[in-house]
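The values are calculated or read from the model by the stated rules, or taken from the named source; none is laboratory data. Since this is a predicted model, take the numbers as computed values, not measurements. Neighbour counts are summed over all protein chains in view; Cβ atoms, including those assigned to glycine, are modelled from backbone coordinates with ideal geometry.
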Amino acid sequence: MASRTPHFLIHSAANPQQTAAVGMAVEALHRSYAMTVGQRGTAGPFQLVLYRDQVDFKAHNRSSPWAEAYYRRPYAFAYPGEGDAPHQWMLHEVTHQLLAEASGLSPRRWMNEGMACYFGASRLSGGTLQVGTPDPAGYPVWWLSELRFDSAGRPRLENAPLPTLQQLVEDSGPPVAAHVNGYYLAWWSLVHFLMEGDDQAHRRQALLLLHRRGDPAAFQQLIGSYAEFEPRWHQHLRALARSQGERELH
């Protein structure tokens, strides 16, 4: 079944109610994305493939075995979710799609994934995506309660330190596959700080940085040195974690 919304064409094996709910969610994302990032590429329709359920998705998955959704131009692939944030995986992948197709951008991994988490893990309520308001049921937000901080304020997750700011921006850290949750939490929280931290003081520079792909030299030119900015990011992450019941590392 093909379903058309103002900006999307959904190729769906899900039922009509699920398809309509996904259409509502991605249109809410599109509105928020357009107001935040802007568009200079195609106006759509952007194409989505919605499988019947997780089993159907896994049977056709051509991405990582652990993926719950993925984007391969020109399609974003997902399935109707459940629980308190059922659309988060589709919203994450459609953000990748909008960055590439609507804005003509190809950011480095940290910024691409960070922006996808920034939008995809925001609270969706009443047909409005409350961008920048983390949904506790969204990934990687739910990992905040598992963060620990050492005496110097450095964050750890699953008994390993989060990648440093330099490692994130320069893509020079340990293998992502061995620290998936730590990387996603770091990517998301860094972009959240750039977009929302210090009363959105860094947002204009962050969007300029996005249009320069999140390049390391551009980061230091537009945002500041790693040494100066890293502890401020950690403080922001700690505040986010505290809101989810963070416990101290002893």
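Some values worked out for this structure:
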read-out: Subset of segment 59-115 (residues that are closer than 23 Å to H179 by Cα, touching a strand residue (DSSP E or B) at 6+ places or on another chain (Cβ under 9 Å) and among the small types (G, A, S)); value: S63, S64, A67, A69
read-out: Filter result for the condition that a residue is within 13 Å of the chain's Cα centre (by Cα), small (G, A, S) and either in a loop (DSSP other than H, G, I, E, B) or modelled with pLDDT of 95 or more (or both), over G114, G153, G104; value: G114
read-out: Qualifying residue in segment 74-83 (condition: under 18 Å from A34 (Cβ atoms), modelled with pLDDT of 95 or more and either among the small types (G, A, S) or surrounded by 14 or more Cβ atoms within 10 Å (Cβ to Cβ) (or both)); value: yes
read-out: Which listed residue, of H87, H92, H96, is crowded, with 22+ Cβ neighbours inside 10 Å, modelled with pLDDT of 95 or more and touching a Cys at 6+ places or on another chain (Cβ under 7 Å); value: H92
read-out: So T36, is it touching a Gly at 6+ places or on another chain (Cβ under 7 Å), of a type outside the set (A, V, I, L, M) and within 22 Å of T128 (Cβ to Cβ); value: no
